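Read through the structure below, which is laid out as structure tokens, and then see the notes.
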Amino acid sequence: MKARPGLSFTRRNPLVRWSDRLEAALMIGAVLLALLAIPFAAAAGSGAYAEGRERAAEQAANRQETTAVLLADAPPVHVRLDGVPLEEKAEVAARWTGPGGLIREGVVTVDTGMVTGNEVRIWLDARGHPVEAPVTDTDALSQAIGVGTGLWLGWLTLVATVFLACRAALGRSRAAEWAREWEQLAWKEKR
């Protein structure tokens, strides 16, 4: 007898239980839900990228880079037991020229091990206060990839959890069926 083409759970095979068919349908549904979520995750990532680029453009327009001179030594560099120096930051007093040519003093974040008189590049806001470097387009892209991927993986985790819970319930149902059938068989044997 030749096997008919098609999915095995759709054939009317007496050895395929209703729970096997249901499990196969749940698997197909889970895969479809995972695939259908990709465009939504991509749209969320695209939105995050647009927002990140907008923020990068705003920060690039409102921040300027300048040179600051350290007025104190930064703490020394710490070294791991294997001799590799740790990359640490410290806050140190410094002087810089702000917008409009005003000389300002304040605290800036630098690498450890720097000494008085070293020059460091810092970013200033419109009022001349030190701020972090502006967000770049690369940062926006990284964030967008993280948002899209994280959203899809979260959805995938939810779908997989539901599928596995259903599969476990079907497994318990099948085990109970087997137990009933063995009990009936044992009952018939005793008669």
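The values are calculated or read from the model by the stated rules, or taken from the named source; none is laboratory data. Nothing here was measured: the structure is a model prediction, and the numbers come from that model. A quick note on method: Cβ atoms are made from the backbone with ideal geometry, for glycine too, and the neighbour counts reach across all protein chains shown. For the accessible areas, the whole protein counts, side chains as well, though only heavy atoms, and no ligand, DNA or RNA atoms are used. Shrake-Rupley method; radii C 1.70, N 1.55, O 1.52, S 1.80 Å.
Tabulated values for the structure
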| item | result |
| --- | --- |
| Which numbered condition ALA74 fails, given (1) farther than 30 Å from ASP137 by Cβ; (2) open to solvent by 40 Å² or more (accessible area, probe 1.4 Å) | (2) |
| Which numbered condition VAL108 misses (of (1) modelled with pLDDT of 90 or more; (2) open to solvent by 60 Å² or more (accessible area, probe 1.4 Å)) | (2) |
| Qualifying residue in segment 125-143 (condition: open to solvent by less than 80 Å² (accessible area, probe 1.4 Å), among the aliphatic types (A, V, I, L, M) and more than 20 Å from ALA60 (Cβ to Cβ)) | no |
| Failed item in (1) more than 30 Å from VAL120 (Cβ to Cβ); (2) in contact with a helix residue (DSSP H, G or I) (Cβ under 8 Å, 6 or more places away or on another chain); (3) not basic (Lys, Arg), with LEU36 passing the rest | (2) |
| Boolean, ARG174 is closer than 16 Å to GLY29 by Cβ and either surrounded by 10 or more Cβ atoms within 10 Å (Cβ to Cβ) or in contact (Cβ under 8 Å) with a residue 40 or more places away in the chain (or both) | no |
| Scope segment 60-88; condition of a type in the set (D, E, K, R) and assigned to a loop (DSSP other than H, G, I, E, B); matching residues | ARG63, ASP73, ARG80, ASP82, GLU87, GLU88 |
| Residue match in segment 48-64 (condition: loosely packed, with under 14 Cβ neighbours inside 10 Å, touching a residue at least 60 places away in the same chain (Cβ under 8 Å) and not hydrophobic (A, V, I, L, M, F, W, C)) | yes |
| Inter-residue pairs, beta-carbon under 6 Å, first within 9 Å of TRP155 (Cβ to Cβ) and in segment 29-42, second crowded, with 16+ Cβ neighbours inside 10 Å, 6+ apart | LEU33/VAL159; ALA34/LEU156; ALA34/VAL159; ALA37/TRP152; ALA37/TRP155; ALA41/GLY148; ALA41/LEU151; ALA41/TRP152 |
| Residue within segment 116-137 that is assigned to a helix (DSSP H, G or I) and out of contact with any helix residue (DSSP H, G or I) (no Cβ under 8 Å at 6 or more places or on another chain) present | no |
| Conditions (1) closer than 30 Å to HIS78 by Cα; (2) modelled with pLDDT of 90 or more; (3) open to solvent by less than 80 Å² (accessible area, probe 1.4 Å): number failed by ARG121 | (3) |
| Selected residue (criterion: nearest to ARG17 (Cα to Cα)) from residues of segment 173-191 that are at pLDDT 85 or above and among the aromatic types (Phe, Trp, Tyr) | TRP178 |
